[in-house]
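Enquirer: Just passing along the structure, written as structure tokens.
What follows is calculated from the coordinates using simple rules that are stated; it is not laboratory data. Predicted model only: the values in this text are computed from it and were never measured. When we count neighbours, we look across all protein chains shown, and the Cβ atoms used for this are built from the backbone with ideal geometry, even at glycine.
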Amino acid sequence: MPEPETTVLAATAPQVSAEPQKLSEKSAAAATHHTPAATGIPKPSAPAVVSAARSPREYRLDGASHIYRKLHDRIFVGRLPRLLFAVGVVNVEIDARGEVSAIQWARAPRNAPRVMAEIEGLVRAAAPYPAPVHLGGVIYTDTWLWDKSGRFQLDTLTLGQD
């Protein structure tokens, strides 16, 4: 089975050669003999997208961009109205594989409990996130700006308000 293609999300990411590496017959046989598939152990899948971020602040942009790509039909297009239905600040914990480990509210929109549940569902639905390969795992924070239409922008990528 071919390996999934990996995408790195930063211009500063190390370049990987697209040329396949040639192995000697001996090392190719050894690699074949010790592969997880050959031993009956399932091979863990590599993350499809990795982040080159080296801090939670850098990862915040990768996380927000990922959510915008995955949930493009839920993004509020244009400048947000002056009065928002809800504003919430969420800490999202991403493990080394890009999976959501935990969601904690730094500022919950208590006036809109259904929005809280919906944001948590959207955060989980967008997984897997870019794997934070240089961080081993990350907790990043973003502010969700929620319109009464059910569409949102993230503070990291917002177009501002009227």
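Enquirer: Amide H of VAL133: which non-local residues (sequence gap of 5 or more, or other chain) have their own amide H closer than 5 Å, using H built in the peptide plane?
Expert: Those qualifying (amide H under 5 Å, at least 5 residues apart or on another chain) are SER51.
Enquirer: Another question, if that's okay. Could you check the spin-label model distance between ASP73 and ILE139? Points 7 Å from the Cα along Cα→Cβ, value in nm.
Expert: Calculated label separation equals 3.4 nm.
Enquirer: With a point put 7 Å past each Cα toward its Cβ, work out how far ARG107 is from ASN91 in nm, to one decimal.
Expert: 1.6 nm
Enquirer: Subtract the Cα-Cα distance of SER149 and ARG114 from 0.36 nm times their separation in residues, and report this length gain in nm to one decimal.
Expert: 11.3 nm
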